[in-house]
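Structure first, commentary second.
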Amino acid sequence: MPDERDPQPTSFSIRCADAVELVTDYLDEALNPADLAAFQAHLDECDGCTIFVDQIRMTIQLTNATNDQRLNIMPPDFDRLVAQLRTQGNRRQDPN
Ligand SMILES: [Zn+2]
C-alpha cells in the first residue's frame, strides 16, 4: 500500500493563502516563472482569488488615478457650493 495519508497536490498547485501572498508581486509582474505559472493555474480554478485579484487591481488603479487627478476632482467653486448647500439645509431644518 502506498502511503497517501497526506496526498501532495500537483507541483504547481497552490492554496488560496499562497495565492493571496503572491497577488501584489503578480500585479507588479515580479513573480518568477514558476510562481507565475502556479498563480495563474490557481486563478483558473478559483473564482474567489480571481475576484480578489480584480479588486486589488482596481484599488491600485483608483489610488493611482486619485493621486494624479486630485486637483481636478474638486470643482473650482467647491467652497461656495458647500456654503450654499449648508444654507439650504439650515433653512429646511428651520422650524419657523
Ligand atoms: Zn484561491
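Note on LEU81, LEU43: ascending count of other Cβ atoms within 10 Å places them as LEU81, LEU43, the fewest first. Neighbour counts of other Cβ atoms within 10 Å put PHE52, PHE39 in the fewest-to-most order PHE52, PHE39. The phi-based Karplus calculation (6.51 cos²θ - 1.76 cosθ + 1.60; θ = phi - 60°) puts the 3J(HN,Hα) values of the range 28-38 at 7, 6, 10, 6, 6, x, 5, 5, 4, 5, 5 Hz, whole numbers, x for Gly and Pro. By other beta-carbon atoms within 10 Å, ranking ILE51, ILE56, ILE14 with the fewest at the front produces ILE51, ILE56, ILE14.
Read-outs throughout are calculated quantities, based only on the coordinates presented, and are distinct from any laboratory measurement. All of these numbers come straight from a predicted model, not from anything done at the bench. Please note: Cβ atoms are built from the backbone with ideal geometry, for glycine as well, and neighbour counts cover all protein chains shown.
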